[in-house]
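Below you'll find the structure, written out as C-alpha coordinates, and then a few comments.
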Amino acid sequence: MSRTLRVIVVNTDDGVATDLRSVLLSIDGVKIVAEIDEPAMLAHAITHFPAEVLLVHLDPNPAGVMDVVAPLIEAHKDRIAVIGMTEDRDAELIMRAMRAGMREFLWKPFPPEQLAEVLNRVGSETSHSGRRLGRLFVAVGAGGGVGTTQLATNLAVELAQLEEWENQTTPGARPRVVVVDMDFRFGQVAMQLDAQPAFTIAELCERPEQIDAQMIEKAVFRHSAGVHVLARPNVLAEAERIHASQCAGVLASLQEHYDFVVVDLPGRFDPTARAVYDMADAYLLVMQLHVPCVRTVDRMLGELSVSGYAVERVRLACNRTGRESSYLEIADVESTLNRKIDFQIPEDWKTSSTALNMGSPLLLSAPKTRLRQAYVRIAQVLAGGRADAAGAGEDNGEAKGKKLFAFFGAAKSGV
(Lines give C-alpha, C1' and ligand atoms only; values in the text may rest on other atoms or scores of the structure.)
Protein backbone atom coordinates (compact mmCIF):
# COMPACT_ATOMS: atom_id res chain seq x y z
CA MET A 1 0.00 0.00 0.00
CA SER A 2 1.11 3.58 -0.59
CA ARG A 3 1.70 6.15 2.12
CA THR A 4 -1.15 8.63 2.16
CA LEU A 5 -2.08 11.84 3.93
CA ARG A 6 -5.85 12.23 4.12
CA VAL A 7 -7.29 15.74 4.21
CA ILE A 8 -10.68 17.17 5.18
CA VAL A 9 -11.22 20.56 3.52
CA VAL A 10 -13.43 23.29 4.97
CA ASN A 11 -14.12 26.01 2.40
CA THR A 12 -17.15 28.29 2.05
CA ASP A 13 -15.81 30.23 -0.95
CA ASP A 14 -16.99 28.61 -4.19
CA GLY A 15 -14.64 30.85 -6.14
CA VAL A 16 -11.53 29.04 -4.90
CA ALA A 17 -12.89 25.51 -4.48
CA THR A 18 -11.69 24.27 -7.88
CA ASP A 19 -8.16 25.60 -7.60
CA LEU A 20 -7.76 24.50 -4.00
CA ARG A 21 -8.83 20.99 -5.01
CA SER A 22 -6.44 21.07 -7.94
CA VAL A 23 -3.48 22.03 -5.76
CA LEU A 24 -4.20 19.37 -3.16
CA LEU A 25 -4.70 16.55 -5.67
CA SER A 26 -1.45 17.47 -7.41
CA ILE A 27 0.55 16.79 -4.23
CA ASP A 28 1.90 13.25 -4.11
CA GLY A 29 0.23 11.13 -1.45
CA VAL A 30 -2.50 13.63 -0.57
CA LYS A 31 -6.13 12.49 -0.70
CA ILE A 32 -9.23 14.57 -0.07
CA VAL A 33 -11.69 12.50 1.97
CA ALA A 34 -14.28 15.26 2.44
CA GLU A 35 -14.98 18.77 1.17
CA ILE A 36 -17.15 20.78 3.58
CA ASP A 37 -18.81 23.99 2.41
CA GLU A 38 -20.82 24.48 5.59
CA PRO A 39 -18.68 24.80 8.77
CA ALA A 40 -21.62 23.43 10.79
CA MET A 41 -21.05 20.07 9.03
CA LEU A 42 -17.46 19.80 10.24
CA ALA A 43 -18.33 17.89 13.41
CA HIS A 44 -20.07 15.25 11.31
CA ALA A 45 -17.10 15.04 8.92
CA ILE A 46 -14.48 14.63 11.64
CA THR A 47 -16.55 11.84 13.16
CA HIS A 48 -17.25 10.02 9.90
CA PHE A 49 -14.04 10.39 7.88
CA PRO A 50 -10.63 9.14 8.98
CA ALA A 51 -8.11 11.89 8.22
CA GLU A 52 -4.74 13.17 9.37
CA VAL A 53 -5.14 16.83 8.34
CA LEU A 54 -7.93 19.41 8.50
CA LEU A 55 -7.42 22.30 6.06
CA VAL A 56 -9.60 25.32 6.89
CA HIS A 57 -9.99 28.16 4.40
CA LEU A 58 -11.21 30.95 6.68
CA ASP A 59 -12.08 33.55 4.04
CA PRO A 60 -14.31 35.36 3.26
CA ASN A 61 -15.54 35.42 6.89
CA PRO A 62 -12.60 34.42 9.12
CA ALA A 63 -14.23 35.36 12.43
CA GLY A 64 -17.48 33.56 11.61
CA VAL A 65 -15.73 30.39 10.46
CA MET A 66 -13.47 30.46 13.53
CA ASP A 67 -16.52 30.66 15.82
CA VAL A 68 -17.63 27.28 14.49
CA VAL A 69 -14.33 25.46 14.04
CA ALA A 70 -12.35 26.60 17.10
CA PRO A 71 -14.17 24.32 19.61
CA LEU A 72 -13.84 21.37 17.22
CA ILE A 73 -10.14 22.03 16.65
CA GLU A 74 -9.56 22.06 20.39
CA ALA A 75 -11.59 18.89 20.91
CA HIS A 76 -9.75 16.90 18.22
CA LYS A 77 -6.27 18.46 18.18
CA ASP A 78 -4.66 15.27 19.51
CA ARG A 79 -5.75 13.20 16.52
CA ILE A 80 -5.90 15.62 13.59
CA ALA A 81 -3.51 18.40 12.55
CA VAL A 82 -5.18 21.66 11.53
CA ILE A 83 -3.91 24.11 8.91
CA GLY A 84 -5.55 27.49 8.38
CA MET A 85 -5.34 29.72 5.33
CA THR A 86 -6.51 33.33 5.07
CA GLU A 87 -5.56 36.80 3.88
CA ASP A 88 -6.55 38.28 7.27
CA ARG A 89 -3.49 39.33 9.34
CA ASP A 90 -5.53 40.13 12.46
CA ALA A 91 -3.40 39.23 15.49
CA GLU A 92 -6.39 38.38 17.68
CA LEU A 93 -7.68 35.90 15.09
CA ILE A 94 -4.28 34.23 14.89
CA MET A 95 -3.90 33.98 18.65
CA ARG A 96 -7.37 32.50 18.96
CA ALA A 97 -6.58 29.88 16.32
CA MET A 98 -3.28 28.95 17.94
CA ARG A 99 -4.84 28.65 21.40
CA ALA A 100 -7.47 26.33 19.95
CA GLY A 101 -4.73 24.10 18.56
CA MET A 102 -4.28 25.13 14.90
CA ARG A 103 -0.87 23.81 13.84
CA GLU A 104 0.00 26.06 10.85
CA PHE A 105 -1.14 29.25 9.15
CA LEU A 106 -0.82 30.19 5.48
CA TRP A 107 -1.35 33.78 4.42
CA LYS A 108 -2.56 34.43 0.90
CA PRO A 109 -1.15 34.94 -1.59
CA PHE A 110 1.33 32.07 -1.54
CA PRO A 111 2.76 29.67 -4.16
CA PRO A 112 1.37 26.11 -4.38
CA GLU A 113 4.73 24.68 -3.29
CA GLN A 114 4.30 26.29 0.12
CA LEU A 115 1.11 24.32 0.78
CA ALA A 116 2.91 21.13 -0.22
CA GLU A 117 5.77 21.93 2.17
CA VAL A 118 3.39 22.62 5.04
CA LEU A 119 1.46 19.39 4.42
CA ASN A 120 4.67 17.38 4.29
CA ARG A 121 5.89 18.96 7.52
CA VAL A 122 2.61 18.51 9.34
CA GLY A 123 2.33 14.97 8.04
CA SER A 124 5.77 14.03 9.34
CA GLU A 125 4.85 15.40 12.77
CA THR A 126 1.48 13.65 12.96
CA SER A 127 1.48 10.33 14.77
CA HIS A 128 -1.15 8.90 12.42
CA SER A 129 0.57 10.02 9.24
CA GLY A 130 2.29 7.72 6.78
CA ARG A 131 -0.07 4.82 7.34
CA ARG A 132 -0.23 2.52 4.36
CA LEU A 133 -3.53 2.68 2.55
CA GLY A 134 -4.85 0.68 -0.37
CA ARG A 135 -5.03 2.28 -3.79
CA LEU A 136 -8.41 3.10 -5.28
CA PHE A 137 -9.19 2.65 -8.98
CA VAL A 138 -12.50 3.82 -10.38
CA ALA A 139 -13.95 2.53 -13.67
CA VAL A 140 -16.58 4.76 -15.26
CA GLY A 141 -18.22 4.31 -18.65
CA ALA A 142 -18.72 6.86 -21.40
CA GLY A 143 -22.10 5.31 -22.13
CA GLY A 144 -24.27 2.32 -21.39
CA GLY A 145 -23.10 -1.10 -22.53
CA VAL A 146 -19.46 -0.16 -23.16
CA GLY A 147 -18.18 -2.92 -20.86
CA THR A 148 -17.36 -0.97 -17.70
CA THR A 149 -18.60 -3.58 -15.23
CA GLN A 150 -16.82 -6.41 -17.01
CA LEU A 151 -13.62 -4.40 -16.94
CA ALA A 152 -14.01 -3.54 -13.24
CA THR A 153 -14.71 -7.13 -12.18
CA ASN A 154 -11.94 -8.67 -14.28
CA LEU A 155 -9.49 -5.96 -13.24
CA ALA A 156 -10.20 -6.76 -9.59
CA VAL A 157 -9.74 -10.48 -10.22
CA GLU A 158 -6.43 -9.96 -12.02
CA LEU A 159 -5.14 -7.63 -9.31
CA ALA A 160 -5.83 -10.41 -6.81
CA GLN A 161 -3.56 -12.76 -8.81
CA LEU A 162 -0.49 -10.53 -8.71
CA GLU A 163 2.61 -11.89 -7.01
CA GLU A 164 4.46 -8.58 -7.12
CA TRP A 165 3.18 -5.02 -7.02
CA GLU A 166 4.33 -1.57 -6.03
CA ASN A 167 4.76 -1.05 -2.28
CA GLN A 168 4.29 -4.74 -1.54
CA THR A 169 4.99 -5.30 2.15
CA THR A 170 5.03 -9.11 2.39
CA PRO A 171 7.05 -10.95 -0.27
CA GLY A 172 5.09 -13.80 -1.85
CA ALA A 173 1.73 -12.65 -0.52
CA ARG A 174 -0.97 -11.73 -2.99
CA PRO A 175 -2.86 -8.47 -2.59
CA ARG A 176 -6.19 -8.14 -0.85
CA VAL A 177 -8.67 -6.78 -3.39
CA VAL A 178 -12.31 -5.72 -3.20
CA VAL A 179 -14.57 -4.63 -6.06
CA VAL A 180 -17.35 -2.22 -5.08
CA ASP A 181 -20.60 -1.77 -7.00
CA MET A 182 -21.60 1.89 -6.78
CA ASP A 183 -24.47 1.63 -9.22
CA PHE A 184 -26.80 1.39 -6.25
CA ARG A 185 -29.94 0.76 -8.29
CA PHE A 186 -29.06 -1.52 -11.19
CA GLY A 187 -25.45 -2.58 -10.66
CA GLN A 188 -24.35 -6.00 -11.93
CA VAL A 189 -20.98 -6.61 -10.30
CA ALA A 190 -22.29 -9.48 -8.16
CA MET A 191 -24.13 -11.01 -11.12
CA GLN A 192 -21.02 -10.95 -13.31
CA LEU A 193 -19.15 -12.89 -10.63
CA ASP A 194 -22.08 -15.20 -9.88
CA ALA A 195 -22.05 -13.92 -6.31
CA GLN A 196 -25.08 -14.07 -4.05
CA PRO A 197 -24.04 -11.96 -1.06
CA ALA A 198 -26.10 -11.91 2.10
CA PHE A 199 -25.01 -8.34 2.86
CA THR A 200 -24.36 -5.29 0.68
CA ILE A 201 -22.88 -1.80 0.78
CA ALA A 202 -26.15 -0.61 2.34
CA GLU A 203 -25.22 -2.24 5.65
CA LEU A 204 -21.86 -0.45 5.78
CA CYS A 205 -23.45 2.88 4.82
CA GLU A 206 -25.75 2.74 7.83
CA ARG A 207 -22.87 3.53 10.22
CA PRO A 208 -19.78 4.47 8.21
CA GLU A 209 -18.12 6.01 11.27
CA GLN A 210 -18.19 2.63 13.06
CA ILE A 211 -16.84 0.40 10.28
CA ASP A 212 -14.14 -2.00 11.40
CA ALA A 213 -12.44 -5.06 9.92
CA GLN A 214 -15.07 -7.42 11.35
CA MET A 215 -17.92 -5.47 9.73
CA ILE A 216 -16.15 -5.43 6.37
CA GLU A 217 -15.45 -9.15 6.47
CA LYS A 218 -19.11 -9.78 7.20
CA ALA A 219 -20.38 -7.52 4.41
CA VAL A 220 -18.25 -8.78 1.50
CA PHE A 221 -18.69 -11.90 -0.61
CA ARG A 222 -15.52 -13.99 -1.07
CA HIS A 223 -15.11 -15.20 -4.62
CA SER A 224 -13.11 -18.31 -5.46
CA ALA A 225 -10.83 -16.21 -7.68
CA GLY A 226 -9.53 -14.44 -4.57
CA VAL A 227 -11.40 -11.15 -4.91
CA HIS A 228 -13.96 -9.81 -2.44
CA VAL A 229 -17.24 -8.30 -3.65
CA LEU A 230 -19.19 -5.46 -2.03
CA ALA A 231 -22.50 -5.57 -3.86
CA ARG A 232 -25.15 -2.94 -4.51
CA PRO A 233 -28.22 -2.83 -2.23
CA ASN A 234 -30.79 -5.57 -2.79
CA VAL A 235 -33.72 -3.18 -2.42
CA LEU A 236 -34.18 0.03 -4.41
CA ALA A 237 -35.43 1.84 -1.32
CA GLU A 238 -32.03 1.26 0.32
CA ALA A 239 -30.30 2.84 -2.66
CA GLU A 240 -32.32 6.02 -2.21
CA ARG A 241 -31.02 6.43 1.34
CA ILE A 242 -27.30 6.30 0.49
CA HIS A 243 -25.59 9.68 0.19
CA ALA A 244 -22.12 10.91 -0.76
CA SER A 245 -20.62 11.21 2.72
CA GLN A 246 -21.57 7.63 3.55
CA CYS A 247 -19.92 6.37 0.36
CA ALA A 248 -16.74 8.30 1.08
CA GLY A 249 -16.65 6.91 4.62
CA VAL A 250 -17.05 3.34 3.35
CA LEU A 251 -14.32 3.73 0.73
CA ALA A 252 -11.95 5.28 3.27
CA SER A 253 -12.46 2.28 5.55
CA LEU A 254 -11.96 -0.19 2.69
CA GLN A 255 -8.65 1.46 1.82
CA GLU A 256 -7.43 0.71 5.34
CA HIS A 257 -8.40 -2.95 4.91
CA TYR A 258 -7.42 -3.77 1.29
CA ASP A 259 -4.39 -3.29 -0.96
CA PHE A 260 -6.62 -2.38 -3.92
CA VAL A 261 -10.18 -1.09 -4.08
CA VAL A 262 -11.86 -1.18 -7.51
CA VAL A 263 -15.04 0.86 -7.93
CA ASP A 264 -17.60 0.33 -10.69
CA LEU A 265 -19.13 3.81 -10.98
CA PRO A 266 -21.98 4.88 -13.27
CA GLY A 267 -21.26 7.77 -15.62
CA ARG A 268 -22.34 10.78 -13.59
CA PHE A 269 -20.96 13.86 -11.87
CA ASP A 270 -23.11 14.10 -8.76
CA PRO A 271 -21.80 14.51 -5.16
CA THR A 272 -21.19 10.77 -4.81
CA ALA A 273 -19.11 10.65 -8.00
CA ARG A 274 -17.14 13.73 -6.97
CA ALA A 275 -16.35 12.13 -3.61
CA VAL A 276 -14.98 9.07 -5.42
CA TYR A 277 -12.94 11.22 -7.84
CA ASP A 278 -11.40 13.03 -4.85
CA MET A 279 -10.13 9.76 -3.42
CA ALA A 280 -9.16 7.85 -6.58
CA ASP A 281 -5.58 7.01 -7.55
CA ALA A 282 -6.62 6.39 -11.17
CA TYR A 283 -9.76 6.99 -13.21
CA LEU A 284 -10.43 4.46 -15.96
CA LEU A 285 -12.73 6.03 -18.56
CA VAL A 286 -14.17 3.15 -20.60
CA MET A 287 -15.28 3.81 -24.15
CA GLN A 288 -15.82 2.26 -27.56
CA LEU A 289 -15.05 3.52 -31.06
CA HIS A 290 -18.36 5.32 -31.40
CA VAL A 291 -18.87 9.03 -31.96
CA PRO A 292 -21.22 9.42 -28.94
CA CYS A 293 -18.62 7.76 -26.69
CA VAL A 294 -15.84 10.02 -27.92
CA ARG A 295 -17.95 13.09 -27.35
CA THR A 296 -18.84 11.95 -23.83
CA VAL A 297 -15.20 11.23 -22.97
CA ASP A 298 -14.22 14.67 -24.23
CA ARG A 299 -16.89 16.24 -22.07
CA MET A 300 -15.88 14.20 -19.01
CA LEU A 301 -12.21 15.11 -19.42
CA GLY A 302 -13.14 18.75 -19.73
CA GLU A 303 -15.36 18.66 -16.65
CA LEU A 304 -12.71 16.90 -14.56
CA SER A 305 -10.15 19.49 -15.62
CA VAL A 306 -12.22 22.61 -14.95
CA SER A 307 -13.37 21.15 -11.61
CA GLY A 308 -9.78 20.76 -10.40
CA TYR A 309 -9.50 16.97 -10.47
CA ALA A 310 -6.20 15.34 -11.32
CA VAL A 311 -6.60 14.66 -15.06
CA GLU A 312 -3.12 13.13 -15.10
CA ARG A 313 -4.66 10.21 -13.22
CA VAL A 314 -7.10 9.49 -16.07
CA ARG A 315 -6.55 6.35 -18.16
CA LEU A 316 -8.57 5.82 -21.32
CA ALA A 317 -9.60 2.21 -21.97
CA CYS A 318 -11.08 1.53 -25.40
CA ASN A 319 -13.18 -1.63 -25.46
CA ARG A 320 -13.94 -3.93 -28.41
CA THR A 321 -11.17 -2.66 -30.66
CA GLY A 322 -10.32 -4.37 -33.94
CA ARG A 323 -13.88 -4.57 -35.22
CA GLU A 324 -13.96 -4.29 -39.01
CA SER A 325 -17.32 -2.56 -38.85
CA SER A 326 -16.04 0.28 -36.67
CA TYR A 327 -16.43 3.72 -38.23
CA LEU A 328 -13.62 5.29 -36.20
CA GLU A 329 -9.94 4.45 -35.86
CA ILE A 330 -7.85 4.71 -32.71
CA ALA A 331 -5.71 7.40 -34.34
CA ASP A 332 -8.84 9.45 -35.09
CA VAL A 333 -9.96 9.30 -31.47
CA GLU A 334 -6.53 10.17 -30.11
CA SER A 335 -6.33 13.16 -32.43
CA THR A 336 -9.78 14.35 -31.40
CA LEU A 337 -9.11 13.99 -27.67
CA ASN A 338 -5.49 15.21 -27.92
CA ARG A 339 -4.27 12.29 -25.86
CA LYS A 340 -3.33 8.64 -26.18
CA ILE A 341 -5.61 5.67 -25.59
CA ASP A 342 -3.88 3.94 -22.68
CA PHE A 343 -5.48 0.51 -22.99
CA GLN A 344 -7.05 -1.35 -25.91
CA ILE A 345 -9.35 -4.26 -25.14
CA PRO A 346 -9.88 -6.49 -28.19
CA GLU A 347 -13.24 -7.44 -29.65
CA ASP A 348 -14.23 -10.99 -28.65
CA TRP A 349 -18.00 -11.00 -28.34
CA LYS A 350 -18.33 -14.76 -27.99
CA THR A 351 -15.89 -14.99 -25.09
CA SER A 352 -17.25 -11.86 -23.44
CA SER A 353 -20.93 -12.80 -23.70
CA THR A 354 -20.28 -16.36 -22.55
CA ALA A 355 -18.48 -15.07 -19.46
CA LEU A 356 -21.35 -12.66 -18.74
CA ASN A 357 -23.99 -15.37 -19.04
CA MET A 358 -22.00 -17.77 -16.89
CA GLY A 359 -21.20 -15.14 -14.27
CA SER A 360 -17.52 -16.02 -14.50
CA PRO A 361 -14.32 -13.97 -14.69
CA LEU A 362 -12.14 -14.69 -17.70
CA LEU A 363 -9.47 -16.06 -15.38
CA LEU A 364 -11.73 -19.09 -14.91
CA SER A 365 -13.77 -19.24 -18.12
CA ALA A 366 -11.26 -18.20 -20.79
CA PRO A 367 -7.78 -17.86 -19.26
CA LYS A 368 -5.78 -18.05 -22.51
CA THR A 369 -7.72 -15.55 -24.60
CA ARG A 370 -6.42 -12.19 -25.81
CA LEU A 371 -9.34 -10.59 -24.02
CA ARG A 372 -8.20 -11.89 -20.66
CA GLN A 373 -4.60 -10.87 -21.37
CA ALA A 374 -5.76 -7.30 -21.95
CA TYR A 375 -7.22 -7.22 -18.42
CA VAL A 376 -4.01 -8.74 -17.04
CA ARG A 377 -1.98 -5.92 -18.62
CA ILE A 378 -4.26 -3.23 -17.17
CA ALA A 379 -3.86 -4.75 -13.71
CA GLN A 380 -0.09 -4.92 -14.05
CA VAL A 381 0.24 -1.32 -15.23
CA LEU A 382 -2.03 0.11 -12.52
CA ALA A 383 -0.53 -1.99 -9.73
CA GLY A 384 2.96 -1.09 -10.85
CA GLY A 385 2.13 2.57 -10.49
CA ARG A 386 3.35 3.40 -13.98
CA ALA A 387 1.54 6.71 -14.10
CA ASP A 388 2.90 7.89 -17.44
CA ALA A 389 1.14 11.13 -18.13
CA ALA A 390 0.71 10.47 -21.84
CA GLY A 391 -2.95 11.16 -21.41
CA ALA A 392 -2.55 14.70 -20.13
CA GLY A 393 -1.81 17.01 -23.03
CA GLU A 394 0.70 19.84 -22.72
CA ASP A 395 -2.02 22.44 -22.97
CA ASN A 396 -3.86 20.99 -19.99
CA GLY A 397 -0.79 21.14 -17.77
CA GLU A 398 0.00 24.72 -18.76
CA ALA A 399 -3.56 25.88 -18.10
CA LYS A 400 -3.59 24.13 -14.74
CA GLY A 401 -0.46 25.93 -13.59
CA LYS A 402 -1.87 29.31 -14.59
CA LYS A 403 -5.09 28.65 -12.71
CA LEU A 404 -3.28 27.68 -9.55
CA PHE A 405 -1.11 30.75 -9.40
CA ALA A 406 -4.09 32.94 -10.26
CA PHE A 407 -5.87 31.66 -7.15
CA PHE A 408 -2.95 32.04 -4.79
CA GLY A 409 -2.31 35.54 -6.03
CA ALA A 410 -5.93 36.59 -5.67
CA ALA A 411 -5.49 38.51 -2.43
CA LYS A 412 -3.26 41.17 -4.00
CA SER A 413 -4.70 41.20 -7.48
CA GLY A 414 -8.22 41.84 -6.32
CA VAL A 415 -9.60 38.86 -8.23
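The values are calculated or read from the model by the stated rules, or taken from the named source; none is laboratory data. Quick caveat: nothing in here was measured; it's all calculated off a predicted structure. Counting neighbours? That spans all protein chains shown, and the Cβs are built from the backbone with ideal geometry, glycine included. Just so you know, the surface numbers come from the protein's heavy atoms only, side chains and all, with ligands and any DNA or RNA stripped out. Shrake-Rupley method; radii C 1.70, N 1.55, O 1.52, S 1.80 Å.
Key figures
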{"quantity": "CD proxy at 222 nm, helix term only [per DSSP H run n ≥ 4: -39500 (n - 2.57); per residue of the chain; nearest 500]", "calculated": "-13000 deg cm²/dmol"}
{"quantity": "Charge dipole magnitude, Cβ of K and R +1, D and E -1 - region 212-343, Cα centre, debye nearest 20", "calculated": "240 debye"}
{"quantity": "Fraction of accessible area attributable to carbon and sulfur, the chain (%, probe 1.4 Å)", "calculated": "49 percent"}
{"quantity": "With Cα atoms, 0 to 90° folded angle of helix 14-25 axis to the chain main axis", "calculated": "60 degrees"}
{"quantity": "Extension gain (nm, one decimal) between Trp107 and Glu334, 0.36 nm per residue minus Cα-Cα", "calculated": "77.5 nm"}
{"quantity": "Coil-residue GluC sites (Glu not before Pro) of region 290-379, DSSP, other Cβ within 10 Å capped at 15", "calculated": "Glu324, Glu329"}
{"quantity": "Rounded to the nearest 20 debye, dipole of the chain from Cβ charges on Lys, Arg, Asp, Glu", "calculated": "860 debye"}
{"quantity": "Given the chain, longest segment not containing exposed loop chymotrypsin sites (Phe, Trp or Tyr not before Pro) (DSSP; at most 13 other Cβ within 10 Å)", "calculated": "1-185"}
{"quantity": "Computed lengthening from Ala116 to Glu209, 0.36 nm per intervening residue step minus Cα-Cα distance", "calculated": "30.6 nm"}
{"quantity": "HN-Hα J in Hz across region 155-172 - Karplus 6.51, -1.76, 1.60, θ = phi - 60°, x for Gly and Pro", "calculated": "4, 4, 4, 5, 4, 5, 8, 5, 9, 9, 7, 4, 6, 5, 9, 10, x, x"}
{"quantity": "Cα-projected label distance for Met41 with Gln344, points at 7 Å along beta-carbon direction, nm", "calculated": "4.4 nm"}
{"quantity": "Qualifying trypsin sites (Lys or Arg not before Pro) in region 71-142, DSSP loop, other Cβ atoms within 10 Å at most 11", "calculated": "Arg89"}
{"quantity": "Listed residue pairs exceeding 31 Å between alpha carbons, taken from Lys340/Lys368; Lys31/Lys77; Lys77/Lys218; Lys31/Lys108; Lys218/Lys340; Lys31/Lys350", "calculated": "Lys77/Lys218; Lys218/Lys340; Lys31/Lys350"}
{"quantity": "Difference of contour (0.36 nm per residue) and Cα-Cα distance, Leu236 to Glu87", "calculated": "48.9 nm"}
{"quantity": "DSSP-loop trypsin sites (Lys or Arg not before Pro) across region 279-363, with at most 12 other Cβ within 10 angstrom", "calculated": "Arg323"}
{"quantity": "Among Thr321, Leu284, Gly308 - extreme Cα towards positive end, dipole of region 276-322, charges at beta-carbon", "calculated": "Thr321"}
{"quantity": "Rounded to 10°, Cα long-axis angle of helix 91-100 versus longest principal axis of the chain", "calculated": "60 degrees"}
{"quantity": "Assigned charges on the beta-carbon of Lys, Arg, Asp, Glu; region 50-92 dipole about Cα centre (debye)", "calculated": "200 debye"}
